[in-house]
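The values are calculated or read from the model by the stated rules, or taken from the named source; none is laboratory data. As the structure is a prediction and not an experimental result, all values here were calculated from the model. Using ideal geometry, Cβ is built from the backbone for each residue, glycine included, and neighbour counts are taken over all protein chains shown.
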């Protein structure tokens, strides 16, 4: 069971990223540009929010407070928010705005990554929830930023 937890905690995020790639390939040529720009904006916003949140709140990792050995070797730094949860939820949420079907599968994997990080004792549920919340906020802001940029570009150029 530990091997499955370790796999999900460390490597399942790559499958989530692959889901984003599959969704990107399946959208129209025009949609590809929007999807990519929205993802870049979402990533920047989510990462900035994560950095601010980590300076505002410190949550020691469970293996430190519980005095146990984590399943994954990790530095005993601030666990809030979880970078894995942030990345997977940002990709899942932005994908949802372009392909709900693919995002559904990605969401299941995103939850598995978060649960596995908790079971591996490298994050608390609060760390995971914080990463998910910031990922969703990043995706929403990134999506609307993309729409704003593309609407401005259409007004000046007439094409996109």
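Below, the figures for the structure above:
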quantity	calculated
Selection status of residue 15, assigned to a helix (DSSP H, G or I), within 15 Å of the chain's Cα centre (by Cα), at pLDDT 95 or above and closer than 16 Å to residue 93 by Cα	yes
Pick from region 89-100, criterion surrounded by fewer than 24 Cβ atoms within 10 Å (Cβ to Cβ) and in contact with a helix residue (DSSP H, G or I) (Cβ under 9 Å, 6 or more places away or on another chain), ranking: farthest from residue 41 (Cα to Cα)	99
Near pairs, Cβ below 9 angstrom, 6+ apart or cross-chain, from region 51-63 (under 15 Å from residue 123 (Cα atoms)) to any residue that is assigned to a strand (DSSP E or B)	54/78; 57/78; 58/78; 59/78; 60/78; 61/78
Looking only at region 108-118, and only at residues there that are without any contact (Cβ under 8 Å) to a residue 40 or more places away in the chain and surrounded by fewer than 20 Cβ atoms within 10 Å (Cβ to Cβ), the one that is nearest to residue 87 (Cα to Cα)	111
Residue selected from region 1-12 under the condition in a helix (DSSP H, G or I) and under 14 Å from residue 106 (Cα atoms), by the criterion farthest from the chain's Cα centre (by Cα)	8
Selection count where residues are surrounded by fewer than 20 Cβ atoms within 10 Å (Cβ to Cβ) and over 11 Å from the mean Cα position of the chain (by Cα), scope region 130-157	15
Sole exception among (1) buried (at least 16 other Cβ atoms within 10 Å of the Cβ); (2) part of a helix (DSSP H, G or I) for residue 121, by number	(2)
Qualifying residue in region 22-44 (condition: more than 14 Å from the chain's Cα centre (by Cα) and buried (at least 21 other Cβ atoms within 10 Å of the Cβ))	yes
Residue that is touching a helix residue (DSSP H, G or I) at 6+ places or on another chain (Cβ under 9 Å), under 20 Å from residue 131 (Cβ atoms) and part of a loop (DSSP other than H, G, I, E, B), where the choices are 71, 86, 112	71
